[in-house]
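As structure tokens, the structure follows; a few thoughts come after it.
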Amino acid sequence: MFTRIVELTTKPGKNEQLSATINDKVLPVLKKQKGFVDEMVFVSDNDDNRVLALSFWNTKEDAEQYRRVEYPKVQETIRPLLETEPVVRTFEVHTSTTHKIAARKAA
């Protein structure tokens with residue numbers, strides 16, 4: 001499994017609106033993507049301009065296809081709420097109890 005972590009800095013006081021926009025406009029797009037598994041959105045409890053969005057994908061290739069085709073449109077949807085450009089980082093999921101992924105054992 002693969003994840004994209006998107007770090008977002010909103011304009012002052014816009015984190016709840018951004019979260020709602022992700023839920024209402026971005027999530028329907030994600031659900032239609034090949035290999036999409038889950039989306040989690042985190043709103044900081046001590047920095048009212050910080051939001052993290054984690055999307056989970058079956059494969060890196062599925063996430064890359066989304067990044068190339070749909071993410072530019074998504075970025076345009078959320079851009080008016082942002083103070084800075086999103087920072088995207090990608091990772092292989094090592095362990096997850098929710099998605100039943102166990103840490104790989106050394107050979």
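Structure notes:
- Only one of the listed residues (Lys60, Lys14, Lys34, Lys25) is loosely packed, with under 12 Cβ neighbours inside 10 Å and either more than 20 Å from Thr98 (Cα to Cα) or not aromatic (Phe, Trp, Tyr) (or both). That residue is Lys34.
- Residue satisfying condition, being modelled with pLDDT of 95 or more and farther than 21 Å from Gly13 by Cα, within set Ala107, Ala63, Ala53: Ala63
- For segment 1-34, the set of residues classified as over 12 Å from the mean Cα position of the chain (by Cα) and hydroxyl-bearing (Ser, Thr, Tyr) consists of Thr9, Thr10, Thr21, listed by residue number.
- Residue count, segment 1-27 (criterion: closer than 20 Å to Arg67 by Cα and of a type in the set (S, T, N, Q)): 5
- Filter result for Val43 (among the aliphatic types (A, V, I, L, M), touching a helix residue (DSSP H, G or I) at 6+ places or on another chain (Cβ under 8 Å) and at pLDDT below 95): yes
- Pairs meeting the criteria (first residue in segment 80-91 and surrounded by 11 or more Cβ atoms within 10 Å (Cβ to Cβ) and assigned to a loop (DSSP other than H, G, I, E, B), second residue charged (D, E, K, R) and at pLDDT 95 or above, beta carbons under 8 Å, at least 6 apart or on different chains) are Glu83/Lys11; Pro86/Glu7.
- Qualifying residue in segment 37-48 (condition: part of a helix (DSSP H, G or I), over 16 Å from Thr21 (Cα atoms), touching a residue at least 40 places away in the same chain (Cβ under 8 Å) and more than 10 Å from the chain's Cα centre (by Cα)): no
- Test for Arg4: is it within 21 Å of Thr98 (Cβ to Cβ), of a type outside the set (S, T, N, Q) and touching a strand residue (DSSP E or B) at 6+ places or on another chain (Cβ under 7 Å): yes
- Leading residue by the ranking (farthest from Glu85 (Cα to Cα)) among those in segment 10-29 that are touching a residue at least 40 places away in the same chain (Cβ under 8 Å) and part of a helix (DSSP H, G or I): Val29
- Summed over segment 36-67, the residues that are under 15 Å from Val26 (Cα atoms) and of a type in the set (Lys, Arg) give a count of 1.
The values are calculated or read from the model by the stated rules, or taken from the named source; none is laboratory data. Since the structure is predicted, the reported quantities are computational estimates derived from the model, not experimental observations. Please note: Cβ atoms are built from the backbone with ideal geometry, for glycine as well, and neighbour counts cover all protein chains shown.
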